[in-house]
Amino acid sequence: MDVRAIYIKMKPRIDAELNQTISIGQTAYLIGNEPLCEKIAELPAHIVKEEDNNVIIIDLMRIIAIIGNHFPNLDIESIGPSQTIVRVKEQKKRHSIPLFIFVWLLLFFGSGLTIMNFHEDVSMLAVQQKLYEMITGKENDFPLLLQVPYSIGLGIGMILFFNHLFKKKFNEEPSPLEIEMFKYEQDLNQYLILTEGQKENEKN
């Protein structure tokens, strides 16, 4: 491997704190001559300031310029994405217990009403009454023999569908919610790269 050549790959996203000095090694993966890569990794890429708000975009061109200033004869080959998104951590705030209880109750009753309205739309009670009559030969306005197992099964089905019970996962397969959150984060990152890049161009 050429000792005067390195390969650089920008990390998609990192976290930082206010007033932190972000080094090149934190924003990118470096491959090449090991002592040289160690020196490059220690070079500062950005100092987080209040005016940066909570999102910073570090561009590959900026990293190449910094490396070029210190190692002018170095051959740099880039791989992968050309920007790193830096999320500035906000100072931790104490969680409000009344707010937590309010949100929990809102979600609980909201999801409960949604399920009940769905069952009303599809006439679930009438279907269960008919099934009970077909199985037992008797009419029953409240077929608990079917309703109770159905309610338990509905809860278990949702747990299995989302692959979570509190913080415990049943297997390594991502849940549909995790996949949607991943897609949302990808779209958000792309949006941030475009908008923050435009802001930087306007400043320049």
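Expected output is a single nm value to one decimal: the length gained when fully extending between Glu173 and Ala41, i.e. 0.36 nm times separation in residues minus the C-alpha distance. What is it?
44.1 nm
Antiparallel versus total DSSP beta bridges in the chain: what percent is that, nearest 5?
Around 60 percent of the beta bridges assigned by DSSP in the chain are antiparallel ones.
Under a Cβ-Cβ cut-off of 12 Å, what is the net charge of the residues other than Pro143 that fall near it, where Lys and Arg count +1 and Asp and Glu count -1?
Residues close to Pro143 contribute a combined charge of -1.
Counting every Cα pair in the chain, what percent are over 30 Å apart?
52
Kyte-Doolittle mean at least -1.0 and Cα extent at least 20 Å along the axis: which DSSP H helices of the chain qualify?
Those that pass (Cα extent of 20 Å or more, hydropathy at least -1.0) are 97-121, 144-162.
Tell me, what % of the accessible area of the chain is carbon and sulfur with a 1.4 angstrom probe?
60
For the chain, what does -39500 (n - 2.57) per DSSP helix run (n ≥ 4), summed and divided by total residues, give at 222 nm, in deg cm²/dmol to the nearest 500?
-17500 deg cm²/dmol
Might you tell me the accessible area per residue for segment 26-80, computed with a 1.4 Å probe and given in Å²?
That works out to 59 Å² for each residue.
Please compute the Cα-Cα pair-distance distribution of segment 109-162 with 5 Å bins starting at 0, giving whole percents from short to long.
Per 5 Å bin, starting at 0, the Cα pair percentages come out as 4, 18, 22, 26, 16, 8, 4, 0.
Of the residues Ser82, Ser175, Ser123, which exhibits the maximal mean-square fluctuation in a Gaussian network model of the chain defined by a 10 Å Cα contact cut-off?
With Cα springs under 10 Å in the chain, the top fluctuation among Ser82, Ser175, Ser123 is at Ser123.
Taking only pairs that are 8 or more places apart or on different chains, how many Lys pairs in segment 1-119 have Cα atoms under 22 angstrom apart?
Close lysine pairs found across segment 1-119: 7.
Choose one answer from Ser111, Ser78, Ser23: the residue with the largest mean-square fluctuation in a GNM of the chain with alpha-carbon springs under 10 Å.
Ser111
Could you check the spin-label model distance between Ser78 and Leu106? Points 7 Å from the Cα along Cα→Cβ, value in nm.
A separation of 4.2 nm, rounded to one decimal place.
In the chain, with Lys and Arg counted as +1 and Asp and Glu as -1 at Cβ, which of these residues, Tyr191, Ile101, Ile47, has the Cα nearest the positive end of the dipole, that is, farthest along it?
Ile101
For a quick check: with amide H placed at 1.01 Å from N, whose amide H comes under 5 Å from Ile22's, ignoring anything fewer than 5 positions away on the same chain?
Here Ala45, His46, Ile47, Val48 satisfy the definition.
The values are calculated or read from the model by the stated rules, or taken from the named source; none is laboratory data. Every value quoted in this text rests on a predicted model; they were computed, and no experiment measured them. Positions of Cβ are generated from backbone atoms using ideal geometry, with glycine treated the same way; all protein chains shown enter the neighbour counts. Accessible surface areas use protein heavy atoms only, side chains included; no ligands, DNA or RNA. Shrake-Rupley method; radii C 1.70, N 1.55, O 1.52, S 1.80 Å.
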